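Contents: one structure, followed by commentary.
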Amino acid sequence: MKKKYNRVLTIAGSDSGGGAGIQADIKAISAMGCYAASAITAITVQNTLGVEAVHAVPLEILEGQIDAVLSDIGADAIKIGMLHSAEVVNLVADKIEQYGIRNVVLDPVMVSTSGHRLIEESAIEVIKSRLIPLARVITPNIPEAEILAGCTISSEEDFPKIAKILVQNNKGVSVLLKAGHLTGDDLVDYFFNAEDGTITQLPSKRVYTRNTHGTGCTLSSAFAAALARGEELTAAATSAKKYIEGAIISGAEYEIGHGHGPVNHFWK
């Protein structure tokens with residue numbers, strides 16, 4: 001009997017520095033034991049110091065990449081990262097509908113760690129109206145959740161209110177709300193499972209390190225890989241959290257570049 005891979009397609013931007021974007025996605029998916037395929041939405045000029053430029057991949061080339069993968073290899077899950085324009089968002093939404101992929105993990109990337117805006121304003125509304133409803137899970141950090149929900153988050157106590165808004169606005173879409181932008185030694189991410197109504201707290205200790213570049217990309221890719229392996233939704237959220245926590249801890253003392261280094265994707 002022939003073996004089959006658990007397949008994950010990542011649709012995101014390329015990071016020339018290798019710490020985030022497509023490169024981080026492929027590393028995380030591979031480390032989680034899955035087969036990684038990719039469709040590149042944009043090429044960034046980027047290193048540990050930040051993003052210097054973004055070059056959009058033509059729509060027909062992006063569409064061709066997605067069709068090439070899904071028509072031949074297929075996908076058990078899709079991770080979606082940086083989508084810089086409304087046209088790209090609409091194209092990706094069309095393709096998800098065309099191929100009927102259910103396990104879609106959307107990381108609503110809007111601003112880089114260095115503060116560089118990575119998405120056009122018009123794309124945000126299309127993400128809200130077209131793409132989020134097609135996702136099974138979204139994984140916003142606090143600034144992204146504030147944009148999507150239209151509310152300010154000042155503490156962990158605001159998480160249930162924000163998640164409730166996001167879940168109510170998008171029936172059936174679960175939310176992993178990340179606490180990394182809050183202060184303090186103890187961090188608690190919240191996973192709101194819209195499919196069974198449960199709330200799971202995912203605690204961790206803050207690791208004081210500069211090597212946090214690509215954490216969002218890595219977490220969402222690990223989540224998609226866990227779903228591709230057949231894990232139940234909350235179990236997949238827990239697996240992804242454990243993976244990124246280990247990657248941050250293991251990569252904390254490494255020195256690479258002169259800015260924010262990456263996590264250690266292959267810590268296992």
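The values are calculated or read from the model by the stated rules, or taken from the named source; none is laboratory data. Predicted model, so just to flag it, every value in this text is computed and none were measured. Note that each Cβ is placed from the backbone with ideal geometry, even for glycine, and that neighbours are counted across all protein chains shown. Just the protein is used for accessible areas: all its heavy atoms, side chains included, with ligands, DNA and RNA removed. Shrake-Rupley method; radii C 1.70, N 1.55, O 1.52, S 1.80 Å.
Miscellaneous remarks
- Within region 1-20, the set of residues being within 22 Å of Lys95 (Cβ to Cβ) and open to solvent by less than 10 Å² (accessible area, probe 1.4 Å) comprises Val8, Leu9, Thr10, Ile11, Ala12, Gly13.
- Check on Gly33, out of contact with any Leu (no Cβ under 9 Å at 6 or more places or on another chain), part of a loop (DSSP other than H, G, I, E, B) and in contact (Cβ under 8 Å) with a residue 60 or more places away in the chain: yes
- Within region 79-109, considering residues that are exposed (fewer than 14 other Cβ atoms within 10 Å of the Cβ) and touching a residue at least 24 places away in the same chain (Cβ under 8 Å), the one nearest to Leu9 (Cα to Cα): Arg102
- Pairs where the first residue, in region 246-268, is on the phi < 0 side of the Ramachandran plot and among the polar types (S, T, N, Q) and the second is assigned to a loop (DSSP other than H, G, I, E, B) and open to solvent by less than 100 Å² (accessible area, probe 1.4 Å), C-beta under 7 Å, 6+ apart: Ser250/Asn264; Ser250/Trp267
- A count restricted to region 1-31 and to residues that are over 16 Å from Gly214 (Cα atoms) and either small (Gly, Ala, Ser) or out of contact with any strand residue (DSSP E or B) (no Cβ under 7 Å at 6 or more places or on another chain) (or both) stands at 4.
- Among helices (runs of 4 or more DSSP H) entirely within region 155-268, having at least 2 residues that are among the charged types (D, E, K, R) and buried (at least 16 other Cβ atoms within 10 Å of the Cβ) singles out 233-251.
- Inside region 136-151, residues that are out of contact with any Pro (no Cβ under 9 Å at 6 or more places or on another chain) and either part of a helix (DSSP H, G or I) or of a type in the set (Phe, Trp, Tyr) (or both) make up a count of 2.
- Looking across region 120-137, the residues that are touching a helix residue (DSSP H, G or I) at 6+ places or on another chain (Cβ under 6 Å) and either crowded, with 18+ Cβ neighbours inside 10 Å or under 18 Å from Gln201 (Cα atoms) (or both) come down to Ala123, Val126, Ile127, Leu131, Leu134.
- Looking only at region 21-32, and only at residues there that are of a type in the set (A, V, I, L, M) and crowded, with 23+ Cβ neighbours inside 10 Å, the one that is nearest to Gly261 (Cα to Cα): Ala24
- When residues of region 67-78 are limited to those that are within 19 Å of Asn6 (Cβ to Cβ) and in contact (Cβ under 8 Å) with a residue 12 or more places away in the chain, the one farthest from the chain's Cα centre (by Cα): Ile73
- The residues of region 155-205 that are closer than 19 Å to Val105 by Cβ and touching a Pro at 6+ places or on another chain (Cβ under 6 Å) amount to a single one, Asn170.
- The set of residues from region 52-87 being of a type in the set (Val, Ile, Thr) and either under 22 Å from Gly33 (Cα atoms) or outside any strand (DSSP E or B) (or both) comprises Val57, Ile61, Ile66, Val69, Ile73, Ile78, Ile80.
- Ala37 modelled with pLDDT of 95 or more, open to solvent by 10 Å² or more (accessible area, probe 1.4 Å) and hydrophobic (A, V, I, L, M, F, W, C): yes
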